[in-house]
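**Q** Please see the structure below; I have some questions.
Rule-based calculations on the coordinates, nothing more; no lab input. Keep in mind the model is a prediction, meaning the values are calculated, not measured. Cβ coordinates were reconstructed from backbone atoms using ideal geometry, including for glycine residues, and neighbour counts include every protein chain displayed.
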Amino acid sequence: MNEIILKVENLTKKFGTLTAVNNVSFEVRKGQFFAFLGPNGAGKSTTIKILTTLLQQDKGNFYLNNQNDDIYIRKNIGVVFQENVLDGFLTVKENLLYRGALFLKTREEIIKRYNELKVQFEFESFENKQCRFLSGGQARRVEIAKAFFGNPEILFLDEPTTGLDPESRKMVWQILDELRKQKNTTIFLTTHYMEETNDADYVVIINKGKIVANGSPYELKETFAKDVFKVVPNNKAEYANYLKAKNITHKKIADSYVVYGKDNRECLDILIENKENIKQFELIKGTMDDVFIHVVEGGKK
């Protein structure tokens with residue numbers, strides 16, 4: 001098992017009478033893809049601001065490589081915020097070179113690192129373009145490159161693909177996957193796109209300042225998002241009577257029935273018992289969206 005890179009212990013932050021973060025504890029391991037989820041106002045952004053030293057907690061503590069010195073932490077993390085923080089009137093190259101001056105001592109070192117990032121993040125074709133003229137996907141690539149200038153051990157990504165088209169989102173994730181494979185970089189992600197968490201190593205869900213669920217995507221889906229199946233029967237009345245007689249939870253949608261079995265075995269039994277009356281069927285796998293809705297909204301539809 002990889003060593004712990006980030007340890008959070010009993011973190012608490014209040015704003016007046018509001019407890020934004022309430023006694024939160026978790027661990028992130030080196031090289032891990034860690035997803036931190038929650039609805040708006042759950043405490044995600046407050047937690048990230050504390051972990052990136054932008055906000056002081058009221059209680060508790062956190063450690064990066066067993067150290068909690070702000071200067072050490074800032075030197076060893078990268079942050080990509082939801083909002084664009086590039087200077088729009090500077091070129092891509094100028095933005096990154098100014099960033100590099102914060103980490104490296106000589107111009108030669110800065111130029112060398114810039115050239116490495118230029119190739120790695122594939123922005124040679126627009127390095128001399130002012131950032132205000134970049135597309136959303138191009139700007140995101142540059143912001144990740146900027147956050148990566150100092151070779152951070154952990155990269156905090158606060159909803160990095162919000163507002164991007166599917167192609168740009170795919171490109172951003174290809175870059176992030178390469179960083180994890182090549183550099184063993186730890187990824188700490190918050191996102192509103194639940195499908196982006198499917199490949200996470202570990203997920204923590206926070207709501208109203210408290211952690212309400214945690215585990216791998218598989219574990220969470222097994223617990224909170226059971227598989228269901230959709231059936232189109234040959235004889236609708238006969239199939240409806242069967243479901244009613246067996247007291248099986250279901251929902252009728254047009255010519256099909258969405259059936260909610262207690263578990264996969266019961267679903268299989270239902271299919272076998274009605275095999276002569278099934279025109280077509282489809283297995284619908286539980287998703288992280290289902291998990292999120294169940295955990296945050298108590299399973300309300």
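**Q** Quote the charge dipole size of the chain about the Cα centre in Debye, to the nearest 20; the model charges only the Cβ of Lys and Arg (+1) and of Asp and Glu (-1).
**A** Working: 44 positive and 41 negative charges, 103 e Å.
For this selection, approximately 500 debye.
**Q** For the charge dipole of the range 4-221, defined by +1 on Lys and Arg C-beta atoms and -1 on Asp and Glu C-beta atoms about the Cα centroid, which residue among 48, 172, 138 has the Cα displaced farthest towards the positive pole?
**A** Of the options given, the answer is 48.
**Q** Quick one: net charge around residue 258, please, counting Lys, Arg +1 and Asp, Glu -1 for every other residue with C-beta under 9 Å from its C-beta.
**A** Details: positive: 230, 251, 252; negative: none.
Summing Lys and Arg as +1 and Asp and Glu as -1 gives +3.
**Q** If you don't mind, another one. Grab the other residues whose beta carbon is less than 9 angstrom from that of residue 53, score K and R as +1, D and E as -1, and report the net.
**A** On the way: positive: 49, 74; negative: 70.
So the environment of residue 53 carries a net charge of +1.
**Q** Let me ask something additional. Would you kindly state how much longer the chain becomes between residue 71 and residue 18 on full extension, computed as 0.36 nm times their sequence separation minus their alpha carbon distance, in nm to one decimal? Before the final figure, lay out each step's value.
**A** On the way: separation 53, 0.36 × 53 = 19.08 nm, distance 2.91 nm.
My answer for the length gained is 16.2 nm.
**Q** What distance in nm lies between label points placed 7 Å from Cα along the C-beta direction at residue 106 and residue 119?
**A** 2.0 nm
**Q** Sorted by average packing, counted as other Cβ atoms within 10 angstrom per residue and highest first, what order do 97-108, 5-16 take? Before the final figure, lay out the partial values.
**A** Numbers: 97-108: 13.5, 5-16: 16.6.
Final packing ranking: 5-16, 97-108.
**Q** Would you kindly state how much longer the chain becomes between residue 277 and residue 127 on full extension, computed as 0.36 nm times their sequence separation minus their alpha carbon distance, in nm to one decimal? The partial results should precede the final answer.
**A** Working: separation 150, 0.36 × 150 = 54.00 nm, distance 6.23 nm.
Contour length minus the Cα-Cα distance gives 47.8 nm.
**Q** So what is the calculated 222 nm ellipticity per residue for the chain, using -39500 (n - 2.57) for each DSSP H run with n of 4 or more, over all residues, to the nearest 500 deg cm²/dmol?
**A** Working: 10 runs with 105 residues, N = 301.
Result for the chain: -10500 deg cm²/dmol, rounded to the nearest 500.
**Q** Taking +1 at the Cβ of each Lys and Arg and -1 at the Cβ of each Asp and Glu, which of 81, 39, 121 sits farthest along the dipole of the range 38-195 towards its positive end, judged by Cα position relative to the Cα centre?
**A** Positive-end residue among those listed: 121.
**Q** Using θ = phi - 60° and the Karplus relation 6.51 cos²θ - 1.76 cosθ + 1.60, list the HN-Hα couplings for the range 277-292 in order, rounded to whole Hz, with x at every Gly or Pro.
**A** Coupling constants for the range 277-292: 10, 9, 7, 7, 8, 9, 7, 10, 6, x, 10, 5, 4, 4, 4, 4 Hz.
**Q** When the Karplus curve 6.51 cos²θ - 1.76 cosθ + 1.60 is applied with θ = phi - 60°, which whole-Hz ³J(HN,Hα) does each residue of the range 154-170 get, with x for Gly and Pro?
**A** 9, 10, 8, 10, 9, 6, x, 10, 4, x, 8, 6, x, 5, 5, 4, 4
**Q** How far, in nm, would the chain grow between residue 260 and residue 247 when pulled straight, counting 0.36 nm per residue and subtracting the alpha carbon separation?
**A** Details: separation 13, 0.36 × 13 = 4.68 nm, distance 1.08 nm.
Here the segment from residue 260 to residue 247 would lengthen by 3.6 nm.
**Q** If you don't mind, there's one more thing I want to ask. For residue 286, list long-range residues whose amide hydrogen, built 1.01 Å from N in the peptide plane, is under 5 Å from its own amide hydrogen.
**A** Those qualifying (amide H under 5 Å, at least 5 residues apart or on another chain) are 227, 228.
**Q** Would you mind ranking 165, 201 so that the residue whose beta carbon has the fewest other beta carbons within 10 Å leads the list? Can you show the working numbers first?
**A** Values: 165 12, 201 17.
In increasing order of surrounding Cβ atoms, one gets 165, 201.
**Q** With θ taken as phi - 60° and the coefficients 6.51, -1.76 and 1.60, list the Karplus ³J(HN,Hα) couplings across the range 68-76 in order, rounded to whole Hz; mark glycine and proline as x.
**A** 10, 7, 4, 5, 4, 4, 5, 6, 10
**Q** Tell me, 194, 288 in order of fewest to most beta-carbon neighbours within 10 Å? Each step should come with its number before you reach the end.
**A** Numbers: 194 18, 288 23.
Fewest-to-most Cβ neighbours within 10 Å comes out as 194, 288.
**Q** Which three extents, in angstrom, do the Cα atoms of the chain have along their principal axes, listed largest first?
**A** 79, 47, 38
**Q** While we're on this one: Of the listed peptides 262-269, 80-87, 184-191, what is their order by residue-averaged count of other C-beta atoms within 10 Å, with the highest listed first?
**A** 184-191, 80-87, 262-269
**Q** Related question: Using amide H atoms built 1.01 Å from N in the peptide plane, name the residues 5+ places from residue 206, or on other chains, whose amide H lies under 5 Å from its own.
**A** Here 37, 38, 212 satisfy the definition.
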